[in-house]
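Taking it in order: structure first as structure tokens, then the write-up.
The values are calculated or read from the model by the stated rules, or taken from the named source; none is laboratory data. Note that the structure is a prediction, hence the values are computed from the model and not measured. Every residue, glycine among them, receives a Cβ derived from its backbone with ideal geometry; neighbour counts consider all protein chains shown. Side chains included, ligands, DNA and RNA excluded: accessible areas come from the protein's heavy atoms. Shrake-Rupley method; radii C 1.70, N 1.55, O 1.52, S 1.80 Å.
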Amino acid sequence: MIDFELSEEQQMIRDSVGAFARDEIRPAARPADESGAIPAPLVAKAWQFGFVSGAIPEKFGGGGDARSAVTGAIVAEELGFGDLSIAIHVLAPRLFAYPIVDMGTDDQRAKYLKRFSGADFAAATAAVMEPRFDFDLSALQVSARRDGGGFVLNGAKCYVPLAAESDSMLVYAATDAAKGFAGVDGFIVPRAAAGVTVSEREKNMGLKALATYELTLKDCRVGADARVGGDKGIDFSRLMSQSRVAFAALGVGVMNAAFEYARDYAKERKAFGVPIATKQAIAFILADMAIEIDAARLLVWEAAFKLDKGGDGLRESYLAKNYVAQSALKLTDNGVQVLGGHGYIREHPVEMWLRNARGFSAIDGIATV
Amino acid sequence: MKILVPIKRVPDPATTIRVLPDGTGIATDNVKWVINPFCEIAIEEALRIKEKQTGEVILVTVGQSTWQEQLRTGLAMGADRAILVKTDAALDSLAIAKILAKIAGDEKPDLIILGKQAIDDDANQVGQMVAEMLGWPQATFASKIEIAADKISVMREVDGGLETIAFKIPAVITADLRLNEPRYASLPGIMKARKKELKEIAADSLGVDLAPKLKVKTLAAPPKRQGGRKVASAQEMVSLLHTEAKVI
């Protein structure tokens with residue numbers, strides 16, 4: 001019943017994406033963090049992997065691969081190992097595409113999925129979070145009111161990745177506030193639509209290379225065909241479970257990055273004539289980090305496995321996400337600690353990972369498997 | 001154009017290699033196996049030629065059944081089909097070349113592109129031997145390949161510069177480092193690789209003499225590097241080079 005063996009394909013995906021993350025994303029991470037910009041050639045190269053188009057059906061120009069949350073988690077972990085900002089940037093179009101793949105109407109699939117099969121990166125995104133202290137996924141304040149044949153959207157969103165460069169975005173809004181998750185719908189909103197304002201870029205503590213924006217909707221009118229899934233609507237709870245799994249998997253990658261960096265440093269750095277890794281004070285920290293990573297990964301894989309089996313993955317995805325939010329912060333902090341004074345300076349990436357990891361407990365809904 | 005690309009499985013260049021205590025080989029536990037980097041370049045070049053024209057890229061390797069993994073990776077990069085010539089024996093370059101020449105005789109490719117050497121034993125022999133056995137022109141250490149109809153011109157990296165040679169197909173080309181930058185296997189490419197043909201042939205069914213002409217007597221790790229030392233002046237340096245290192 002229990003099998004932790006990756007399939008041959010998953011193993012190859014891990015190797016291929018892992019090599020890309022190690023050799024190309026990682027060296028670009030620090031300059032991107034400093035400049036706030038991710039080099040377009042790197043994004044183009046990532047696009048060639050088919051991270052977005054792979055699971056789009058062939059008749060809509062995609063690779064036609066089966067959607068798998070486990071495979072998605074493997075990809076996300078490797079990309080997160082390279083760099084969290086760059087990973088979210090290259091995966092962001094999934095936020096728009098996958099809900100349409102899974103829950104869209106045939107017309108929506110035909111209209112919106114083809115753009116992801118081209119040779120060039122097609123920016124797209126989704127708006128989930130809201131700038132409120134009492135933000136609650138099951139009680140969204142952005143509302144969609146039925147009006148004639150269509151809907152009118154009002155409210156504000158935040159942490160919307162790539163909003164300024166995406167032609168269309170998916171905006172989640174409450175159509176029936178009394179129904180919780182079930183009362184949430186997704187609407188395809190053109191950025192150029194009347195009533196849509198994309199703010200200045202947000203200034204965040206971490207994820208500095210990732211462009212995120214606030215989005216304001218003021219009497220933004222969309223047609224009935226903008227509602228993902230038509231009258232059937234979407235399973236918002238499931239989409240958010242998928243998102244949590246992806247986000248948690250990215251976090252495992254960040255944890256692994258901090259661990260490997262600290263371990264290698266501790267083997268090199270000498271104090272009192274021996275590598276500090278041979279001192280128990282350091283060795284115990286490293287061992288605990290390794291345990292946390294495997295524990296977190298297993299939680300993520302279990303949640304992904306549940307989703308792949310058709311379950312809602314609600315409980316498991318929350319456990320995974322919350323565990324990762326805590327342990328990513330702890331591990332990246334450990335990374336800084338093992339490097340001592342060197343960990344605090346920007347020559348080493350550990351301080352950047354610590355800043356990035358803080359986001360795991362603060363933000364949600366900006367990644368998907 | 002039909003292109004045959006022989007590849008070899010080698011330890012990941014990033015792996016720390018440990019020689020077995022008895023010197024008979026290297027410790028293979030915890031070793032990650034990959035396609036030889038020069039072979040990857042050969043695959044990439046074959047794929048680019050195919051994409052520019054039309055044709056077929058056929059991978060071939062000689063080894064154990066686990067070597068399938070590397071063939072699958074090559075198929076995931078975009079090769080059309082693969083042949084595994086199966087043997088558990090450790091063959092030398094000559095035996096490999098004979099097998100490849102036999103496969104080339106059956107497949108009749110227009111071009112054979114392979115890595116200039118494998119990063120494990122650095123023999124740099126197979127490409128040359130195959131060309132000789134087939135009686136085909138060869139261009140080794142290629143850093144640029146241009147094809148016009150059946151004429152090929154190859155820029156080679158030679159001592160002190162570059163040399164361009166031209167010849168007609170069929171031919172053998174060995175790839176140097178600067179020929180191209182190999183692609184990563186994409187997600188859809190990987191998912192499609194399983195559906196592609198991977199044929200297994202037993203090496204001893206080919207009717208080729210595989211008896212080794214070469215025997216590895218012993219393997220040893222390179223000697224540990226000694227730390228350097230500082231000298232006070234240029235005079236002292238020159239004097240030490242003369243009296244101690246005896247190089248001048």
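P(r) tail for the stretch A:125-232: Cα pairs beyond 25 Å make up 16% of the total. Take chain A, mark every one of the trypsin sites (Lys or Arg not before Pro) that falls in a DSSP loop and has at most 12 other Cβ within 10 Å, then report the longest stretch left between them, sites excluded. It works out to A:1-202. Of all DSSP beta bridges confined to the protein assembly as shown, the antiparallel ones make up roughly 60%. Pairwise alpha-carbon distances in chain B exceed 28 Å for 40% of all pairs. Surface calculation, 1.4 Å probe, protein heavy atoms: B:Thr164 sits at approximately 90 Å² accessible.
Taking 0.692 mPa s as the viscosity and 37 °C as the temperature, the Stokes-Einstein diffusion coefficient of the stretch A:221-281 based on its alpha-carbon Kirkwood radius rounds to 207 µm²/s. The mean count of C-beta atoms from other chains within 10 Å of the C-beta of residues in A:50-56, rounded to a whole number, is 3.
When chain A is described by a simple charge dipole with +1 on each Lys and Arg Cβ and -1 on each Asp and Glu Cβ, the residue from A:Tyr112, A:Leu286, A:Ile366 located farthest towards its positive end is A:Ile366. Computed from protein heavy atoms with a 1.4 Å probe, the total accessible area buried between A and B is close to 1500 Å².
Pulled fully out, how much extra length does the chain show between A:Lys267 and A:Ser35, if you take 0.36 nm times their separation in residues and subtract their Cα-Cα distance? Gain on extension, A:Lys267 to A:Ser35, equals 80.4 nm.
Altogether, the Stokes-Einstein calculation at 25 °C and 0.890 mPa s, with the Kirkwood radius of the stretch B:6-108 over Cα pairs as Rh, returns a diffusion coefficient of 165 µm²/s.
Sites counted here are GluC sites (Glu not before Pro) in a DSSP loop (not H, G, I, E or B) having no more than 11 other Cβ atoms within 10 Å; the longest part of chain A that contains none of them is A:6-346. Which listed residue (B:Pro37, A:Thr71, B:Ser93) has the Cα farthest towards the positive end of the charge dipole for the protein assembly as shown, taking +1 on Lys and Arg C-beta and -1 on Asp and Glu C-beta about the Cα centre? It is B:Pro37, whose Cα lies furthest towards the positive end. Taking the Kirkwood radius as Rh and the Cα radius of gyration as Rg, the protein assembly as shown has a ratio of Rg/Rh equal to 1.03. Sites listed here are trypsin sites (Lys or Arg not before Pro) in the stretch B:2-56 whose DSSP assignment is loop and whose Cβ has at most 13 other Cβ atoms within 10 Å: B:Arg18, B:Lys32.
Mean residue ellipticity at 222 nm, helices only, chain B: -8000 deg cm²/dmol; runs of at least 4 DSSP H residues each add -39,500 (n - 2.57), and the sum is divided by the number of residues.
On the protein heavy atoms, probe 1.4 angstrom, tell me the percent of accessible surface of the stretch B:1-90 carried by carbon and sulfur. Roughly 49 percent, rounded to a whole number.
Sorted from longest to shortest, the spans of the Cα atoms of the stretch A:192-245 along the three principal axes equal 40, 34, 13 Å. For the stretch A:8-116, the alpha-carbon radius of gyration amounts to 1.10 times the rule-of-thumb value 2.2 N^0.38 Å expected for a compact globular protein.
Over chain B, Cα pairs under 8 Å with separation of 6+ residues give a relative contact order of 24 percent. For the set B:Lys32/B:Lys168; A:Lys218/A:Lys330; A:Lys279/A:Lys330; A:Lys270/B:Lys8, the pairs lying more than 32 angstrom apart at their alpha carbons are B:Lys32/B:Lys168; A:Lys218/A:Lys330; A:Lys270/B:Lys8. Summarising the strand pairing of the stretch B:2-243, around 40 percent of its internal DSSP beta bridges are antiparallel.
Quick one: Kirkwood hydrodynamic radius for chain A, alpha-carbon pairs, angstrom, one decimal?
Roughly 20.9 Å, rounded to one decimal.
Between 0 and 90 degrees, rounded to the nearest ten: what's the tilt of helix A:69-82 against the longest Cα principal axis of chain A? Here the helix axis deviates by roughly 50 degrees.
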